[in-house]
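Let me begin by presenting the structure, written as structure tokens, before commenting on it.
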Amino acid sequence: MAEAPPDDCRPLKYSIHKFSTFSSNYVPENILEDKPSNQGSRWSSDSNNPPQYLILKLDRPAILRTIKFGKYEKTHVCNIKKFRVYGGLSDENMILLLESGLKNDTVPETFLVKYTVAGHQFPVRFVKIVPLQSWGSTFNFSIWHVALGGFDEWTMVQKCINWYTTYREREAIRLCLKHFRQHNYTEAFESLEKRTRVTLEDPRLTRLHKMLVDQGDFDGCEQLIGEAAEEGLFQQYIRQQEYKPQWTPIIPNPGGSSGPPPRPGMRGGHQMCIDTNTQTIYLFGGWDGMQDLSDLWSYHISSQEWTCITRDTHAEGGPSARSCHKMCLDPERRQIFTLGRYLDSALRIPDNLKSDFYMYDIENNKWTQVTEDTASLGGPKLIFDHQMVMDVEKRIIYVFGGRVLTPSRWEGCVGGLGLDELRTNNYTPSEAIFSGLYAYHVSTNTWTKLRDDCSGNSTGPQDIKSRIGHSMLFHSGSRQLFILAGQRIKEYLTDFFMYNIDTDTVTYISDGTRKDSSSVPAAGFTQKATIDPHLNQIHVLSGLSKDKDKRDENVRNSFWVYDISQNKWSCIYRNEQTGESYWSKMQHVEPCPRFAHQLVYDDVNKVHYLFGGNPGKASLPKMRLDDFWSLRLCRPSTQQLYQTCVLLIRKHRFSELARENSVMALKYLQTRLHSAVDHSDPQQVQEFQALATTLFQPQDDTSVGYVQAFPDDDSSSTPTTTDLGWRHTARSMLFDQLTQFFPEHMTQPRGNLVDLIPY
């Protein structure tokens with residue numbers, strides 16, 4: 001991701017140190033000057049076969065912070081699409097600083113690079129740029145200009161060099177200490193530790209090693225692990241684990257009524273919002289396959305009861321029946337705002353094309369028309385399939401995108417209608433008008449236009465391309481709008497960018513050129529997104545896919561989590577099944593694929609709620625859904641990790657007993673080990689049952705009984721039993737397994753000394 005350089009960053013001078021190849025007059029020295037209008041002012045490799053590289057040498061050691069790539073004044077097939085950057089004090093020993101890619105455009109891009117190790121800045125003298133792929137897959141690599149930025153003030157850099165040299169020496173000693181202890185070279189271990197005064201690990205883990213490996217005090221190990229869990233030492237490990245989805249169908253509480261409990265009917269294109277303070281979900285409007293709806297519902301999470309607040313909001317001074325509208329909630333003042341709607345072409349007369357704007361007072365159960373037509377006050381015209389969020393603290397509502405309704409031929413509404421209509425939109429691009437970015441100040445009842453639609457022609461870094469079917473979220477901490485994906489005419493968008501509401505600036509996280517759908521959400525629209533500002537995460541449940549030539553097959557749901565701090569997407573759930581057999585088997589296990597659904601998130605209790613939508617069944621084009629689901633994103637709990645550690649310890653204890661006394665081993669299996677197994681987990685039960693077979697297998701002096709206890713371990717870099725007794729080896733492996741749950745700064749090095757030896 002291209003980013004702005006730090007304010008105090010200064011240019012760093014460099015020269016060309018080494019290179020792989022070059023072609024014709026495209027010598028490496030060309031990158032020293034920025035000449036965007038000169039096609040020959042570039043380095044080009046004479047091949048795209050790896051390895052191709054440039055090694056730059058700084059005039060003096062520095063703290064490298066940024067690398068900037070200049071570009072030619074036109075797009076070019078030789079521009080590098082993917083690359084890596086390495087750095088170090090020598091050209092033979094460098095670490096990865098950056099892995100990214102360039103857009104195939106004319107705008108220079110600046111990237112922040114890794115510059116810290118173990119929380120300290122480290123210096124570099126050499127920078128290696130390795131192109132991996134060009135925009136023309138069969139073309140050679142070209143780099144037009146490189147500028148390096150950072151700090152080279154000698155007093156500061158010298159301190160960093162001294163620290164980094166000491167750090168590397170200390171880590172080398174720690175690797176030796178680990179190797180000596182792992183192989184039971186006690187005298188060498190104690191001598192090196194005493195001479196260098198370098199500690200291998202946190203004292204608590206040293207105590208664990210002594211209890212486990214030296215003394216075989218397994219009960220003491222369990223107690224120590226329990227203390228670590230209570231201190232919260234497993235939290236870092238837990239945060240690093242992938243989520244697992246847990247869907248649960250919500251069946252309304254029948255209460256005291258004899259008939260079926262009240263609940264909203266089938267619909268798509270409706271809207272929901274959640275008040276986490278009162279644990280209440282509100283649902284309004286939508287399309288049931290035949291008509292727009294104007295009913296307003298509330299769902300009380302604690303009592304699991306739906307309440308119909310009104311069957312017809314229009315009759316009570318509120319909005320008329322509608323779909324493809326948007327809602328947002330002010331939980332402090334308990335107000336709901338709604339804007340926009342879709343109208344069939346037959347209803348698009350001037351009087352109907354006013355952009356009415358409403359507010360619902362929850363406390364007083366009263367609707368108020370804020371504005372008859374927002375366009376008359378400088379706000380958006382009548383739009384549908386837009387997005388709307390609220391900055392509750394400042395009382396400002398932000399509205400972005402959506403298509404403007406005009407008295408013209410048919411335009412398809414994603415939420416209200418169906419796939420058949422979506423595929424028959426035969427309007428020309430010039431007929432589609434998209435709305436820009438607006439801010440509504442609630443306290444003054446005024447609108448401000450922040451951005452016009454760039455009409456799809458501009459590629460400037462501050463331009464915003466309007467669209468429909470996208471997602472927009474507000475991060476209350478960073479005060480940024482996050483905008484993702486959508487559709488514009490026949491173009492499916494996958495770009496992802498931020499808009500800073502305080503500085504009026506746009507930062508692109510992704511320009512949408514990356515095509516790998518396994519690592520980022522695929523192109524599509526009508527996805528639903530939520531944000532957790534406390535966890536700094538964005539959640540996306542996909543909707544319609546890019547493949548418009550199929551029918552049922554292009555309604556796919558996948559759930560993605562975006563870690564804002566790490567700029568990383570993770571897919572934790574996929575569901576692409578649409579057949580009748582799937583519907584009959586899985587309808588009570590997980591929601592079927594759909595679009596035009598609604599998803600809200602309780603960021604206090606970390607639960608999503610999904611209602612309704614369009615399953616996209618070609619055989620039933622008017623079918624809509626009325627199912628209601630909760631979704632929890634689960635990671636291992638501290639208690640679960642503790643139980644895992646206990647199970648590992650007791651499995652190992654059993655493997656030792658199995659070698660020594662079969663009768664005691666069998667008793668231990670039936671008591672202590674049995675009580676540590678989660679008997680609701682089929683895999684644990686199967687592994688537990690398999691352990692009994694080890695009692696009847698012959699043992700010899702070189703066999704290692706722990707292999708049955710840990711069938712999936714990779715022991716390629718662990719000591720062999722020819723060097724040590726099987727007991728020390730097995731216990732050392734168990735120790736390594738247990739320490740993986742602790743923070744890395746507490747543990748011995750993850751690597752092994754022998755791994756530094758080349759093959």
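For region 81-89, putting each phi into the Karplus relation 6.51 cos²θ - 1.76 cosθ + 1.60 with θ = phi - 60° gives couplings of 7, 9, 7, 10, 10, 10, x, x, 7 Hz, in residue order, rounded to whole numbers and with x for Gly and Pro. For the chain, the mean residue ellipticity at 222 nm estimated from helices alone is -5500 deg cm²/dmol, where every DSSP H run of n ≥ 4 contributes -39500 (n - 2.57) and the total is divided by all residues, rounded to the nearest 500. Restriction of the GluC sites (Glu not before Pro) in region 206-288 to DSSP coil positions whose beta-carbon has at most 12 other beta-carbons within 10 angstrom yields Glu231, Glu242.
Let me have the relative contact order for the chain, percent, based on Cα pairs under 8 Å that are six or more residues apart. Please list the in-between numbers first.
Values: 1629 pairs, mean separation 82.1, N = 759.
The normalised contact order for the chain reaches 11 percent.
Expressed as a whole percent, the accessible area of region 655-698 that falls on carbon and sulfur atoms is 57 (1.4 Å probe). Across region 271-278, coupling constants 3J(HN,Hα) worked out from phi with the 6.51/-1.76/1.60 Karplus curve, θ = phi - 60°, read 10, 9, 8, 10, 9, 6, 5, 9 Hz, and Gly and Pro carry x.
Computed about its Cα centre, the charge dipole of the chain is approximately 1080 debye, with only Lys, Arg, Asp and Glu carrying charge at their Cβ. Residues whose amide H falls under 5 Å from that of Phe19, counting only those 5 or more places apart or on a different chain, are Ile55, with hydrogens built in the peptide plane. Give me the percent of accessible area attributable to carbon and sulfur for region 1-144, probe 1.4 angstrom. Its accessible area is 46 percent carbon and sulfur atoms.
Hey, got a sec? Which trypsin sites (Lys or Arg not before Pro) in region 7-71 land in a DSSP loop and have at most 16 other Cβ atoms within 10 Å? Numbers along the way, then the final one.
On the way: sites: Lys13, Lys18, Arg42, Lys57, Arg65, Lys68, Lys71; in loops: Lys13, Arg42, Lys71.
Those that pass, being in a loop and sparsely packed, are Lys13.
Here Lys210 and Asn93 are evaluated by their C-beta separation; at R0 = 51 Å the FRET efficiency comes out at 0.90.
Each Lys and Arg contributes +1 and each Asp and Glu -1, all at the Cβ; summed about the Cα centre of region 197-273, the dipole is approximately 700 debye. For region 470-476, 3J(HN,Hα) computed residue by residue from phi via the Karplus equation (6.51, -1.76, 1.60; θ = phi - 60°) reads 9, 10, 9, 10, 10, 9, 5 Hz, glycine and proline entered as x. Distance between the 7 Å Cα→Cβ label points at Lys194 and Ser376: 9.2 nm. Given their separation in residues at 0.36 nm each and the Cα-Cα distance between them, Cys454 and Leu620 gain 55.9 nm when the chain is fully extended. Database remark: amide H of Gly436 closer than 5 angstrom to the amide H of Gly401, Asp453 (H placed geometrically; neighbours at sequence offset of 5 or more, or on other chains; Pro and chain starts carry no H). Per residue, the chain exposes an accessible area of 46 Å² to a 1.4 Å probe, with every protein chain left in place. The share of accessible area on region 278-372 that comes from carbon and sulfur is 46 percent, using a 1.4 angstrom probe.
Once both labels are positioned 7 Å from their Cα atoms along Cα-to-Cβ, the gap between Ser15 and His679 label points is 7.6 nm.
Extension gain, Gln304-Asp219: 0.36 nm per intervening residue step, less the Cα-Cα distance, totals 26.1 nm.
Applying both filters, DSSP loop and at most 14 other Cβ atoms within 10 Å, to the GluC sites (Glu not before Pro) of region 277-341 gives Glu332.
Tell me, what is the FRET efficiency for Asn661 and Glu687 to the nearest 0.05, using R0 = 22 angstrom and their Cβ-Cβ distance as r? Computed FRET efficiency for Asn661 and Glu687 comes out at 0.50.
The values are calculated or read from the model by the stated rules, or taken from the named source; none is laboratory data. The shown structure was predicted, so the numbers you read here are calculated from the model rather than taken from an experiment. Virtual Cβ from ideal backbone geometry, glycine too; neighbours counted across all protein chains shown. Remember, those area values only see protein heavy atoms, side chains included, never the ligands or the DNA or RNA. Shrake-Rupley method; radii C 1.70, N 1.55, O 1.52, S 1.80 Å.
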